[in-house]
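This report refers to the structure that appears directly beneath it.
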Amino acid sequence: MVDVGLLPSEKAVVDRSKTAKDGSIVLAVVNGEFTIKMLSCSIKSNVRLLPANSTGAYPSIDITEDTQFEVWGVVIGSFRRFE
C-alpha cells in the first residue's frame, strides 16, 4: 500500500466501528488470511480488493461467492517508530 503512504514498517490504525465503502482502505480477512487493500465495489455488486503498489508485486483479489471474506475494519491512519 506504499502508493497511498502505508509503508511496510508502519503500523496501521484500524477502526472496527467504521463502515467500509467503495474506495476505503480496509483490513480484510480473505480465506483465513489478513490483508490490507482498497475496497472496490462495482454497480454489479462485484467486490474486489485492490493493492496500492505500482510495482505489481501484489495482485488484486476478486471476491466470489466461494470466498470466505470479512472486512475486519477500516484503516484510518498509520504510524512508524524511529527507534
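None of the figures in this text is laboratory data; all of them are computed from the coordinates on show. Since the model is a prediction, treat every value here as computed from it, not as a measurement. Because the Cβ atoms are built from the backbone with ideal geometry, glycine has one as well, and the counts that use them run over all protein chains shown.
Around the Cα centre of the chain, unit charges on the Cβ atoms of Lys, Arg, Asp and Glu (plus for the first two, minus for the last two) sum to a dipole of about 260 debye. Could you calculate the FRET efficiency of LYS11 with ARG48 from 1/(1 + (r/R0)^6), where r is the beta carbon distance between them and R0 is 35 Å, rounded to 0.05? Approximately 0.85, to the nearest 0.05.
Using Cα springs under 10 Å in a Gaussian network model of the chain, which residue among THR35, THR67, THR55 shows the largest mean-square fluctuation? It is THR55.
Among LYS18, LYS11, the ranking by other beta carbons within 10 Å of each residue's beta carbon, starting with the fewest, stands as LYS11, LYS18.
Within straight-line reach of LYS37, meaning a Cα separation under 14 Å, sit the following aspartates and glutamates at least 8 residues removed in sequence or on another chain: ASP3, ASP22, ASP62, GLU70.
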